[in-house]
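The values are calculated or read from the model by the stated rules, or taken from the named source; none is laboratory data. The model shown is predicted, which means the values in this text are computed figures rather than measured ones. Note that each Cβ is placed from the backbone with ideal geometry, even for glycine, and that neighbours are counted across all protein chains shown.
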Amino acid sequence: MAQQSLFVLLSLACCSAVQGIEVDFSDSLHAGLKDSALSMPKLAGLLQQRLGHASHSGSPWKAQAETFLGLLQSMGGTVPESARPMVDTIITLLTNASGAIKTDAQDSKDRTQSQLNDAYGNLSETETAANQAKTVTEAIDADLKSCYDHLGQITANHSVHCGVKALPAACDRKNNTKMHTFDVAPKDTYSCNFTAGSDPTKCTSEASPLKTDLVSARDTLRLAYNTWKLENKTCNDDLEAERLLCHNTNNTYWAKKATCQETYLNASAHLCNFRVKIKSWKGYLTTLNSTQATAKTLLAPKKQEWTDLNLIICMMKKFRDRTKMTFEADDYANCDAESKGKTWIGEIDTLETSSQTLLSSTLYNKECMSFTFSGGFPQKLETGASVTFFTKPNAVFKYNTDGSDGCTSTSAAFTKFCEGGSYTTAVQ
């Protein structure tokens, strides 16, 4: 309890930051210790006065501390030998308090250094992750463009093979030869005498005009029919080939269209993941900046408190170690040099150089960030040759429908693309 009491006492009395219009006690303490007329009662009075001014606590340690200081203050200009054990006790308590201050400072330093290392590590790792996410999204956007380009070629072929078009030439020729026109056979004198025993096989010879004409007409008709059959087969073959081409390109078209949609949704998911990385980066930067600001002023008050306490301990030891307990003129100078020469815990590495190097090359330390894509995104979103996604709070990506940069063209119509890490229904 006594060690804790003196630690709290010195935290209040030696050099804690004073609020409002209070004068910093470290300055007044040093001024008092430099006084050539310094005595133990005066030192005790100085500490007791500061204790009464700064502390509003009713804890037991305050009464104990005030008792010690009151006894020393009441002894007048000469402190008797009988007070030496009391001085020893105070020195022991102050020494323990000094150790406690240094231990607390070391703990604070280690804890803050760990927080700084974690904050910078997270920022650096997220910087790398965000850059990788951007690169992957750009690559998928390029794949998406290739997919849409191929889909365009398939669409053109689909229109050729499945659209309204003229019949194959063979079909026209077949249709034009469904009817065969030929001259009627001329009249022929029928000279067959049936009463005399003649019959059709005997009345007409192979060379007769009628037979010759009929045979010629038959051969012509057969030739026309065979020609029609050939044209009909060619027509059907050509139509079947076109049907297959249409069927195949139709399947290819829908398959490619589905592939492109899948690629687009994949690109969209990666784009929104990229936006999440940016948000995480911003959060880690805020944490790092806050921790750096705390670290810059964390140890100085503790070091001043510890140094001042060591100064008091040194002067009390010099007072105690003399046969006649008293202060001498050079005690302050010697003890001030001794207390300032003690090894402190060192300083916190705030990682300012590393963080500034990172921030000097990052893409993400802007109020509004924009990223332009010239692959498949603008084809899908119909924004022209490119589309620019720009950032807004809450992990949102938007794009201006006219293809302009939303960070600079703030009045253009826009569509929200990503929100909360996912693409919106407006762009599916």
Which listed residue is assigned by TED's automatic domain parsing to the domain that holds PRO301, part of a helix (DSSP H, G or I) and modelled with pLDDT of 70 or more, from ARG111, ARG50: ARG111
Residue within region 357-377 that is closer than 30 Å to LEU288 by Cβ, surrounded by 16 or more Cβ atoms within 10 Å (Cβ to Cβ) and more than 20 Å from the chain's Cα centre (by Cα) present: no
Filter result (in contact (Cβ under 8 Å) with a residue 60 or more places away in the chain and within 30 Å of HIS150 (Cα to Cα)) within region 348-373: PHE371, PHE373
Residues of region 90-122 classified as more than 30 Å from SER280 (Cβ to Cβ) and not hydrophobic (A, V, I, L, M, F, W, C), total: 9
Selected residue (only one of ALA295, ALA300, ALA333 is under 16 Å from GLN113 (Cβ atoms) and at pLDDT below 95): ALA300
Conditions (1) charged (D, E, K, R); (2) without any contact (Cβ under 8 Å) to a residue 40 or more places away in the chain; (3) touching a helix residue (DSSP H, G or I) at 6+ places or on another chain (Cβ under 7 Å): number failed by LYS392: (3)
Condition met for ASN400 (at pLDDT 90 or above, more than 30 Å from GLN113 (Cα to Cα), of a type outside the set (D, E, K, R) and over 22 Å from the mean Cα position of the chain (by Cα)): no
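Does at least one position in region 401-420 carry a residue that is under 18 Å from ASN266 (Cα atoms), in contact with a helix residue (DSSP H, G or I) (Cβ under 6 Å, 6 or more places away or on another chain) and among the small types (Gly, Ala, Ser)? Working first, answer last.
Taking region 401-420 as the starting set, the residues that turn out to be under 18 Å from ASN266 (Cα atoms) are 416-420.
Subset that is in contact with a helix residue (DSSP H, G or I) (Cβ under 6 Å, 6 or more places away or on another chain): 417-418.
Cutting the leftovers down to among the small types (Gly, Ala, Ser) gives us none.
No: region 401-420 contains no residue that is under 18 Å from ASN266 (Cα atoms), in contact with a helix residue (DSSP H, G or I) (Cβ under 6 Å, 6 or more places away or on another chain) and among the small types (Gly, Ala, Ser).
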Test: ASP331 is surrounded by 17 or more Cβ atoms within 10 Å (Cβ to Cβ) and more than 30 Å from GLY403 (Cα to Cα): yes
When residues of region 250-283 are limited to those that are of a type in the set (Ser, Thr, Tyr) and buried (at least 20 other Cβ atoms within 10 Å of the Cβ), the one farthest from PRO168 (Cα to Cα): SER268
Verdict on ALA119 being of a type in the set (A, V, I, L, M, F, W, C), modelled with pLDDT of 95 or more and assigned to a helix (DSSP H, G or I): yes
TYR284 assigned to a helix (DSSP H, G or I), of a type in the set (Ser, Thr, Tyr) and assigned by TED's automatic domain parsing to the domain that holds VAL79: no
Qualifying residue in region 296-313 (condition: among the basic types (Lys, Arg), in contact (Cβ under 8 Å) with a residue 24 or more places away in the chain and under 22 Å from GLY283 (Cβ atoms)): yes
Only one of THR383, THR410 that is buried (at least 19 other Cβ atoms within 10 Å of the Cβ) and either of a type in the set (Ser, Thr, Tyr) or over 20 Å from ASN131 (Cα atoms) (or both): THR383
